[in-house]
Amino acid sequence: MKTVAITGSIGSGKSTVTSYIAERYYTQSCDAINSELIENSETVREAFSDCYTDGKLDRKKMAQMIFHDVKAKEKLEGIMHPLILEEIRRNLLDHADDAFCFVEVPLLFEAGWEAYFDLSLLVVCDEEILLQRLMEYRHMQKEDALSRLRSQMSLKEKAEKADHIIFNNGTLDDLYAQIEEFLCILEDNSTIINE
C-alpha cells in the first residue's frame, strides 16, 4: 500500500479532490477524524473550558480563539495531532492490501507530517479565488478569511515541498481532468513514489 496525503489551504478544493478520489480508492479526512475525536477529549475540555457551553463544545468560539491566539492554536494541535495520527494509522491497517490510500491532511507541512506519507498532493488556487470561496460558501468576513489563510504556511513554501500540484482555478471539469491525470501517473508509474 502507498499512502498519499492531499493538502492545500482552506478553500482550495482539497475536499472536492478527496471526494472524487473516494469513488475509486479508500480515503480519510483529518478534519472528520478531528471533529469526532475532539467531542470526546477530556484533555481538550479541561484545557479549553471557556469554549464549552452547557457541557457542549462551541466550535465557533474555539475557532475564533485558535485563529487569533497562536499559543491556543499550538496548545490544541499539541493535544489533537497525536490522536488524529494514531487514528489514521489504525484505519490504514484495515486497508493494508489496497494499492493506494489517500488522506486529506490540511496542515500536512505545518505539522511536519509529510514524512508519514509516500507522496503529497497539493491543491492550490489564486488567493482572490480562495477569498471569494470562503466569503461566499463559508460566509466568512474578509478579515477572518485572511486571518485563516495567514495562519497557514505560504503557498510558495507548500509548493516547494509538494510532490505533485493540482491547480483549482477553473471549472470542476478542469479539476477532475487533473485528478484523473494524477491518478493515471500513480497507477501507471509507481516509481514516482518514494520508497
Members of segment 7-26 found to be more than 12 Å from the chain's Cα centre (by Cα) and open to solvent by 10 Å² or more (accessible area, probe 1.4 Å), listed by number | Ser19, Tyr20, Ala22, Glu23, Arg24, Tyr25, Tyr26
For residues that are polar (S, T, N, Q), over 15 Å from the mean Cα position of the chain (by Cα) and surrounded by fewer than 14 Cβ atoms within 10 Å (Cβ to Cβ), tally how many sit in segment 124-154.
-> 1
Counted residues, segment 13-29 - those being under 15 Å from His164 (Cα atoms) and polar (S, T, N, Q) = 1
Residue check: is Val4 out of contact with any Lys or Arg (no Cβ under 9 Å at 6 or more places or on another chain), touching a residue at least 24 places away in the same chain (Cβ under 8 Å), open to solvent by less than 20 Å² (accessible area, probe 1.4 Å) and closer than 12 Å to Met80 by Cα?
-> no
Would you pick out the residues in segment 41-94 that are exposed (fewer than 11 other Cβ atoms within 10 Å of the Cβ) and among the aliphatic types (A, V, I, L, M)?
-> Val70, Leu93
Is at least one residue of segment 155-174 farther than 24 Å from Gly11 by Cα, crowded, with 16+ Cβ neighbours inside 10 Å and either at pLDDT 85 or above or in contact with a Pro (Cβ under 6 Å, 6 or more places away or on another chain) (or both)?
-> no
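The values are calculated or read from the model by the stated rules, or taken from the named source; none is laboratory data. Owing to the predicted nature of the structure, the values given are computational and were not obtained by experimental measurement. Heads up, the Cβs are rebuilt from the backbone with ideal geometry, glycines too, and the neighbour counts pull from every protein chain shown. Protein only, heavy atoms only, side chains kept; ligands, DNA and RNA dropped before computing areas. Shrake-Rupley method; radii C 1.70, N 1.55, O 1.52, S 1.80 Å.
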